[in-house]
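Everything below concerns the one structure shown next.
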Amino acid sequence: MKPRPHLGRSAGLVVPLFSLHSRRSWGIGDIADLEGLRGWLERAGLKALQLLPVGTLPPGQTSPYSALSAMAIDPIYIALDRVHDFQALGGEVRLPLADQVALRTARSATQIDYTAVRQAKWSALELSFSLFWEVDWIRTTARAGAFATFVSFEDWWLAEYALYSALRAKHGDRPWMEWPEPLQRRDPDALDAARRELEKEILLHQYVQWLADEQWTAAREALGDVRLFGDFPFMVSADSADVWANQDLFRFDRHVGTPPDAFSETGQDWGLPAYRWDVLHARNYDWLRQRARRMSRLYDGYRVDHLVGFFRTYSRPVGETAGAFEPPDEAGQIALGERLLALFLETGAQVTAEDLGSIPDFVRESLARLGVPGYKVMRWEREWRVDGQPFIPPSAYPRVSVATTSTHDTTPLALWWTEMTDEEREAFGRLLPPQIAAERSFTPAVRDAVLGLAYEAGSDLLLLPLQDLFGWPDRINTPATVSEKNWRWRLPLSIEELDTDPAAGERADALRELAVRSGRL
């Protein structure tokens with residue numbers, strides 16, 4: 001599916017795919033669960049669904065921003081009950097006993113057990129491929145032809161991803177920097193030998209992406225008029241198919257991060273290789289164009305993560321604390337950022353830009369010139385240079401912006417309200433009726449009053465995390481921490497319960513009323 005015409009004034013839901021669950025899913029949200037959201041979204045008058053990245057993660061990793069590929073869909077999101085080959089084998093009863101135990105563990109966990117889910121799903125996918133190989137591939141059936149057509153059409157990224165994945169598995173899931181030296185430097189003879197030796201394994205990874213693609217297309221069609229939005233991470237991991245296949249585009253002697261600021265005296269070192277902007281420019285930014293092309297095929301629109309990095313990338317030599325921006329001058333930064341934004345816009349997808357944190361004025365001026373919406377997080381929208389630093393009424397936000405109550409990296413609305421400082425509470429309270437502003441606890445009345453403010457935002461697009469719509473206190477991620485809770489949150493309600501639970505129905509009806517009243521429906 002191609003991106004559809006942009007949404008006008010509207011509201012949408014933000015929820016990670018991994019957080020969803022249904023009676024039929026395997027301990028993590030899967031692609032088919034997207035279909036089940038349509039009824040509740042339409043009842044609530046929500047026209048958009050924003051996800052976090054869904055790229056393939058390495059074993060032991062949970063952050064969606066640490067993917068092994070900027071193009072692939074993580075096999076962990078495939079709905080096995082929708083896989084023809086797996087069902088033809090007999091389904092879950094055909095799993096080895098250890099994998100059946102892993103599946104039971106995953107389904108009963110209160111948080112996502114990535115290890116158990118991945119073990120059970122990969123075992124099922126290998127079984128499925130074995131049947132496909134015997135029944136379809138060897139006999140060159142019509143189904144094998146459909147698969148071959150997909151492989152040919154997606155060859156521009158799939159060939160390298162499948163080879164990388166097969167080689168990584170062969171070498172004990174170790175990063176490509178630890179493979180034999182000829183494979184590290186992509187010696188042509190070594191790669192040809194690997195393709196011959198691992199032909200069937202390569203086909204397995206292509207088959208898995210074919211399944212994911214078929215399910216993704218079906219889910220988008222089943223969502224009807226609800227627009228699906230994705231997330232375009234600024235960087236990719238050093239250990240990824242993309243970096244291995246395009247080593248000339250990256251600097252491995254420098255790490256990307258952020259400079260010292262009000263939030264960190266030392267800044268942040270993300271351990272990611274820096275772009276070689278001069279090489280990318282000489283190649284007309286071909287790899288970034290490919291990424292944008294892939295995103296526009298999967299989504300109606302997407303959020304560009306860490307937008308400021310596409311204007312000026314802060315990196316430091318490996319092992320050192322002092323860093324620098326590239327390009328070094330403002331004119332060069334504006335030229336680079338606007339060139340890349342134009343590249344993203346060329347895809348026809350509805351592009352939004354994460355412009356939070358310490359952002360120079362010229363970045364937001366570029367967004368305004370190009371008509372790209374930046375983000376307005378209510379708790380941070382204040383007149384910082386005015387005495388008392390009053391909160392800006394959401395109704396005053398510019399039309400070309402995205403309003404929201406929180407992000408996946410912040411506390412949800414419920415926790416923000418209860419943890420406010422006295423100064424913050426007094427200042428924000430001026431936007432609310434006195435009886436609401438006086439509340440210390442986060443009551444349903446407080447929730448609905450703040451949501452009412454959000455719906456009245458001047459921003460055309462309003463994107464609200466599911467936790468804030470219900471008033472749940474659950475976090476998705478706490479930045480700069482290593483925690484068993486990060487990226488593991490599961491909804492307290494199943495997809496089915498969203499359609500049958502009275503409280504979920506009340507929420508949908510209340511949100512629809514807000515959408516009607518604010519002109520978002």
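Worth pointing out:
- Test: residue in the range 477-486 that is buried (at least 19 other Cβ atoms within 10 Å of the Cβ) and either within 20 Å of Thr352 (Cβ to Cβ) or not aromatic (Phe, Trp, Tyr) (or both): yes
- Selection within the range 370-392 - in contact (Cβ under 8 Å) with a residue 40 or more places away in the chain and either assigned to a helix (DSSP H, G or I) or farther than 18 Å from Asp355 by Cβ (or both): Met378, Arg379, Pro390, Phe391
- Here Val363 fulfils each of the conditions (1) surrounded by 19 or more Cβ atoms within 10 Å (Cβ to Cβ); (2) free of Cβ contacts under 8 Å to residues at least 60 places away in the same chain; (3) under 17 Å from Gln50 (Cβ atoms) apart from (3).
- Residue, modelled with the lowest pLDDT, within the range 254-271, restricted to residues that are surrounded by fewer than 13 Cβ atoms within 10 Å (Cβ to Cβ) and acidic (Asp, Glu): Asp261
- When Gly323, Gly309 are checked against the criterion of being under 26 Å from the mean Cα position of the chain (by Cα) and small (Gly, Ala, Ser), Gly309 stands alone in meeting it.
- Qualifying residues in the range 149-183 (those that are among the basic types (Lys, Arg) and in a helix (DSSP H, G or I)) - the one nearest to Gln209 (Cα to Cα): Arg168
- Neighbours by Cβ (under 7 Å, 6+ apart or cross-chain): first from the range 441-457, free of Cβ contacts under 8 Å to residues at least 60 places away in the same chain; second of a type outside the set (A, V, I, L, M, F, W, C): Ser441/Thr418; Phe442/Thr418; Phe442/Gly471; Pro444/Gly471; Val446/Glu439; Arg447/Gly471; Ala449/Pro433
- Among the candidates Arg339, Arg316, Arg251, Arg303, the residue that is among the basic types (Lys, Arg), assigned to a strand (DSSP E or B) and either at pLDDT below 95 or over 24 Å from Leu57 (Cα atoms) (or both) is uniquely Arg316.
- Residue within the range 187-196 that is closer than 24 Å to Arg339 by Cα, modelled with pLDDT of 95 or more and surrounded by 14 or more Cβ atoms within 10 Å (Cβ to Cβ) present: no
The values are calculated or read from the model by the stated rules, or taken from the named source; none is laboratory data. Note that this is a predicted model, so its numbers are computed, not measured. With ideal geometry, Cβ positions are generated from the backbone for all residues, glycine too; neighbour counts draw on all protein chains shown.
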